[in-house]
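The values are calculated or read from the model by the stated rules, or taken from the named source; none is laboratory data. Since the model is a prediction, treat every value here as computed from it, not as a measurement. All Cβ positions, glycine included, derive from the backbone under ideal geometry; neighbour counts span all protein chains shown. We work out accessible area using only protein heavy atoms, side chains counted, and drop any ligands, DNA or RNA first. Shrake-Rupley method; radii C 1.70, N 1.55, O 1.52, S 1.80 Å.
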Amino acid sequence: MTRTPTPVTVHGIGYAFGAHPVLHHLDLKVEGGTTTALLGPSGCGKSTLLKLLAGLLQPQSGEIHFGDRTVASAGFSLAPEQRDIGMVFQDYALWPHMSVAQNVGFPLLMRRVPNAERLRRIMIALDRVGLADFALRRPSDLSGGQQQRVALARAIIAEPAILLFDEPLSNLDRDLRESLCFEMAALLKQLGTTAVYVTHDRSEAEVLADHIVHLSQGSITAIQAVGPLSGETA
Ligand SMILES: Nc1ncnc2c1ncn2[C@@H]1O[C@H](COP(=O)(O)OP(=O)(O)OP(=O)(O)O)[C@@H](O)[C@H]1O
Ligand SMILES: [Mg+2]
C-alpha cells in the first residue's frame, strides 16, 4: 500500500510537571516521510516531547497536528491508540508471556485483523527485521538486540502514519548499536514513514535522521539538515 506520508506539526507546545516547566512553547515541523532526531542532554525534555506526540501526555498549551488531523489542542488530546502511531522504547516493552509472533501481531489483533491475514503480516514484519526464524520463541529466549527487533516489527506491522522512537538502541552494546542503527536507517528509508527519533547520541542521529533538532532546557536551539547539503537552519 502506498499513501501520502503524514507531516507532523507542533505549534506553541508548552508542558510543565507541576510547577516545573519542561517545554517552552515549541514549534516544530517534520515533513512527511522524513526522520527527525531530537537530540539533547539528559533532562532537556526529549521524552516529554515524544510522549506529547504519542498522546501519553496532554499539552498545557499549543497544538499538535498529524497531517490535517488535530491530535492535541487546548483541552483536547486524542488517545494514543487513535493516533495511528507505532512506538519503540529503550526497554523493549515486550510481553513476556507471549511468543515473538504474538507480540508482533498484537496491534493487528487489536484491530481485529483475521488470523490468516495477521499471520501473513507477522511473517512479513519479522522478515523485515531479520527474525523470520524466531516467530515461536519467547522474548526471554532472545538477545537484547533481537528483542529490540521484535519491538520494531511490532511498531511497523500496522503500517502506522508515524513512528516514534525513544532511545531504542541505548541498552545495547556499542557494536550492536551501530549495526542496528544502520539497519533501522535503511528500514525507515524503505518504509517512507514519518519518524521522530529521540537520542542523546549525535552519531546515531546523523546516521538515521534527515534533520536534527537540538534541544536544550526545553527549547529548540538549532535545526540541522543531515546529508550532503547539510547545514544549520535555525
Ligand atoms: N513524571 C515526571 N514528574 C516530574 N518531573 C518529570 C517527570 N518526567 C520527567 N520529569 C522532568 O522533566 C524534565 C524532562 O524530562 P525528560 O524525560 O523529557 O528528559 P529527557 O530529555 O528525555 O532526558 P533523558 O535523556 O535522561 O531521557 C526533567 O527535568 C525531568 O526530571
Ligand atoms: Mg528520555
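Summary table below
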{"quantity": "Dipole magnitude of the stretch 1-159 about its Cα centre (Cβ charges: Lys, Arg +1; Asp, Glu -1), debye to nearest 20", "calculated": "360 debye"}
{"quantity": "Given charges at Cβ of Lys, Arg, Asp, Glu: the stretch 119-234 dipole, positive-most of V207, A222, P160", "calculated": "P160"}
{"quantity": "Mean shadow area of the chain, taken as a quarter of the surface of its Cα convex hull (nm²)", "calculated": "13.0 nm²"}
{"quantity": "Choice from P114, P41, P80 showing the highest fluctuation, given a GNM over the chain with Cα pairs closer than 10 Å", "calculated": "P114"}
{"quantity": "Inter-probe distance in nm under a simple model that places probes 7 Å from Cα toward Cβ, at S73 and A222", "calculated": "3.6 nm"}
{"quantity": "Helix axis angle, 174-191 relative to the chain longest principal axis, alpha carbon, degrees", "calculated": "90 degrees"}
{"quantity": "Order of exposure, largest accessible area first, which applies to E167, E31, E81 with probe 1.4 Å", "calculated": "E81, E31, E167"}
{"quantity": "Solvent-accessible ranking of F165, F134, F17, largest area first, probe 1.4 Å", "calculated": "F17, F134, F165"}
{"quantity": "Dipole of the stretch 16-117, positive direction: furthest Cα of S47, Q82, A93, with charges on the beta-carbon", "calculated": "A93"}
{"quantity": "Within the stretch 11-170, percent of DSSP bridges classed antiparallel, to nearest 5", "calculated": "75 percent"}
{"quantity": "Percent carbon-and-sulfur accessible area, the stretch 107-194, ignoring ligands, DNA and RNA, probe 1.4 Å", "calculated": "50 percent"}
{"quantity": "C-alpha center-to-center spacing [the stretch 1-80, the stretch 163-234] in angstrom", "calculated": "17 Å"}
{"quantity": "Residue order for D68, D166, D84 - accessible surface, 1.4 angstrom probe, largest first", "calculated": "D68, D84, D166"}
{"quantity": "Per residue solvent-accessible surface (Å²) - the chain, probe of 1.4 Å", "calculated": "49 Å²"}
{"quantity": "Size of charge dipole - the stretch 139-180 - debye, nearest 20, with Cβ of Lys, Arg +1 and Asp, Glu -1, no other charges", "calculated": "80 debye"}
